[in-house]
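Peer 1: Okay, here's the structure, questions in a sec.
The values are calculated or read from the model by the stated rules, or taken from the named source; none is laboratory data. Everything quoted here is computed from the prediction, not taken from an experiment. In this analysis, Cβ positions are derived from the backbone assuming ideal geometry, glycine residues included, and neighbour counts consider all displayed protein chains. All accessible areas refer to the heavy atoms of the entire protein, side chains included, with ligands and DNA or RNA removed. Shrake-Rupley method; radii C 1.70, N 1.55, O 1.52, S 1.80 Å.
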Amino acid sequence: MPHPFTPLASVPVDPLRARVHEEGWQSWSPSGTYALGDKPYRPTNDNWATVCYRPGVTVPEGAFQGEGLLALDPGDGSPVRLWAATDPTREVPSIRLVAEGSVAEVLADGPVKEFTGTGIQSVLAEWAAELGVRTPRPAPTVWCSWYEYFTGVTEDDIHENLRAMDTLDLPVDVVQIDDGYQKALGDWLTLSGRFRSRAGIADAIRARGRRAGIWTAPFLVDPASDLAAEHPDWLVEDLDGGFLHAGRNWGHDLCVLDTTHPEAARYLASVFRTLVSEGYDYFKVDFLYAGALEGVRHSAADALTAYRSGIELIREAIGEDAYLLGCGAPVLPSIGLFDAMRVSPDTAPHRRSEADDYSQPGQDPAEFTGAGRQWQHGRLWVNDPDCLMARPAVETRERWAAHVEATGGLMASSDRLLSLDPWGVETTRRLLGGDVR
């Protein structure tokens, strides 16, 4: 049952100059700063409300709402005020602001603490620093298969780009195979017909002096998978994992793995131990929102405890030396778990998002939320702004490259490298840290 909202503060504001920062629930949820007269970005359909926002939470028309964090610059020269969850890894209250004329009323449905500062990004950064999270280690540079090949990637595509990295002298540390190598969500160790050997391609990557990386969506299960058919008791009950759209994702309803079930937990740990044994030491774990959905689990653990224990299980399986990148993850409940974190929705070869929903792929929403979460970089994790795409077919590629460069976070290329023109090669080499030639 949701908790009632209780008043926190009544704050005088300058209606024209005041600004409000909303923190979204997970990686893809819009997060950023608005004027009081702006209309904040909200889900445009029920599926995206589940998959990309905080499930089950709605915001009244005319209100601002942050999930665990909300900051207000009154605009009249008085200090910025921040309201934040008291223990964000365990409970994330919704914090709401409603402005009426020259007064803003702030409310929350759970315990929060208040902080003050001199600017919105500054006070957020100060709050993050007080959490005492270990300084993140530097991120490797990455080439990722996703934004060129999507789910159609083949083993031969990986080999072609490996050769191109050498030919173009690109400083790529990690070659990360994305979605498409596996038979189905959940059947992570069964190959699709487009790959011959997971261990073999890892060996080929390492033979060229680079590290092997791989993508999973560890908490999602395809209902048509072997795992779902053979172990239905491993799935969270009374839960809708969300419908993901055909063409870019999988086009059908999804189930969620119950990592509180001992056998399901052993299975997931064995998947990651197997990948490590095959030579992979960089892991992108995606669609993590699923692990924090409410539902009936084997244990009595609440959803956030189950989510954190699931990520901790993965970390134990891959070891402390492996690099772990989260994506589609509930942001505040992930503090202390990851080396790097996607801090925006997906980018895309196009600028505008579908239906102008700012949780959906597009350069505009990725830039908005990526900039709004810049305060997290180097304090909670290394920020992942999403991949550079520098090929000529990408819309406004120069503007997108400038955004990626400005973040100072994880740098990853995601082009068919042989499709790059001279500007694309030069920009890719520069952003990955090599000398411009």
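Peer 1: Just tell me which aspartates and glutamates come within less than 12 Å, Cα to Cα, of K113; anything on the same chain fewer than 8 places away is out.
Peer 2: D87
Peer 1: Then there is this: Under a 5 Å amide H to amide H cut-off, with H placed in plane at 1.01 Å, what residues pair with V256 once short-range neighbours are removed?
Peer 2: Result for V256 returns V221, V236.
Peer 1: Could you work out [θ]222 nm for the chain from helices alone, using -39500 (n - 2.57) per DSSP H run of at least four and dividing by all its residues? Round to the nearest 500 deg cm²/dmol.
Peer 2: -7500 deg cm²/dmol
Peer 1: Let me ask something else. Send over a whole-number figure in Å² for the accessible area per residue of region 15-140, probe 1.4 Å.
Peer 2: I get 43 Å² per residue for region 15-140.
Peer 1: Can you tell me the orientation of helix 303-318 relative to the chain, as the angle in degrees between its alpha-carbon axis and the longest Cα principal axis, to the nearest 10?
Peer 2: 30 degrees
Peer 1: Between A229 and T58, what length in nm is gained on full extension when 0.36 nm per residue of separation is reduced by their alpha carbon distance?
Peer 2: Extra length from A229 to T58 when fully extended: 58.1 nm.
Peer 1: Still on this model: Figure the gain on full extension for S197 and R416 (residue separation times 0.36 nm, minus the Cα-Cα span) and round it to one decimal in nm.
Peer 2: Fully extending the segment from S197 to R416 adds 76.7 nm.
Peer 1: Can you compute the FRET efficiency between L16 and R134 using 1/(1 + (r/R0)^6), with r the Cβ-Cβ distance and R0 = 51 Å? Round to the nearest 0.05.
Peer 2: 0.75
Peer 1: In degrees between 0 and 90, to the nearest 10, how far off the longest principal axis of the chain does helix 198-207 point, with axes built from Cα atoms?
Peer 2: Computed tilt is about 90 degrees.
Peer 1: Using a 1.4 Å probe over the heavy atoms of the protein chains, calculate the carbon and sulfur portion of the accessible area of the chain as a whole percent.
Peer 2: 50 percent
Peer 1: Right, next: Taking the 0 to 90 degree range and rounding to the nearest ten, how far is the long axis of helix 363-372 tilted relative to the main principal axis of the chain, both from C-alpha atoms?
Peer 2: It works out to around 60 degrees.
Peer 1: Report, as a whole number in µm² per second, the diffusion coefficient that Stokes-Einstein gives for region 251-364 at 4 °C and 1.567 mPa s using the Kirkwood radius over alpha carbon pairs.
Peer 2: 84 µm²/s
Peer 1: Return one whole number: the accessible area per residue of region 176-228 in Å², for a 1.4 Å probe.
Peer 2: 32 Å²
Peer 1: Still on this model: First check a/c for the chain, with a ≥ b ≥ c the square roots of the eigenvalues of its C-alpha gyration tensor; if it is under 1.5, answer rounded, and if not, answer prolate when a/b is larger than b/c or oblate otherwise.
Peer 2: oblate
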